[in-house]
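The values are calculated or read from the model by the stated rules, or taken from the named source; none is laboratory data. If you're wondering where the values come from, they're calculated on a predicted model, not measured in any experiment. Here Cβ is always computed from backbone atoms with ideal geometry, including for glycine, and neighbour counts include all displayed protein chains. All accessible areas refer to the heavy atoms of the entire protein, side chains included, with ligands and DNA or RNA removed. Shrake-Rupley method; radii C 1.70, N 1.55, O 1.52, S 1.80 Å.
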Amino acid sequence: EKPMGLNVDAARQIVRASRESDRTLMVAHQMRWESVPMQIKQQVEAGELGDIYTAKAGWFRRKGIPGWGTWFTQKEQSGGGPLIDIGVHLLDLALHLMGSPKPIAVSGATYAKFGPERKGIGTWGTPDWDG
């Protein structure tokens, strides 16, 4: 799944276990294999977009907040909220499309306008109104 670990130590343990067991390790970044990113990757590799030296990525969850009040909306249970749930996919996709350069700087932001007011409730899962 993703993220590979909730911190650097956890990720290092996973890499170590993969190497010691002689197994292939893959983090679930499935957006790389969707048709539009694959087409963009072909354009990048063909040099059609010129030199790429910066990227900005964003996501709007159209299905709303899944399972409001359940584990999904509780940081101690989900690990890190939207930046871990969706943001990690966008970061991976941006770096992948750019040829996996070593980042110089990365920043992220998330906003909580709707959740605290119980607005934007999604159709995934069953809400826990006491959660």
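Of note:
- Residue-normalised convex hull volume from the C-alpha trace of the chain: 150 Å³ per residue.
- Estimated distance in nm for a label pair at T126 and Q43, the labels positioned 7 Å out from Cα along Cα-to-Cβ: 4.5 nm
- Coil-residue GluC sites (Glu not before Pro) of the stretch 1-85, DSSP, other Cβ within 10 Å capped at 12: E1, E34, E48
- 14 Å beta-carbon shell around L90, net charge (K/R +1, D/E -1): +1
- I121 long-range amide H proximity, modeled H, under 5 Å: I65
- The solvent-accessible area of M38, taken with every protein chain present and a 1.4 Å probe, is close to 90 Å².
- Solvent-accessible area of the chain (1.4 angstrom probe, protein heavy atoms only): carbon and sulfur portion equals 54 percent.
- The residues of the stretch 1-62 expose, per residue, 89 Å² of accessible area to a 1.4 Å probe.
- Net length available on complete extension from A11 to Y53 is 12.4 nm, with 0.36 nm assigned per residue and the Cα-Cα distance removed.
- The loop-placed trypsin sites (Lys or Arg not before Pro) in the stretch 19-87, going by DSSP, that have at most 14 neighbouring Cβ atoms within 10 Å of their Cβ come out as R23, K56, R61, R62, K63.
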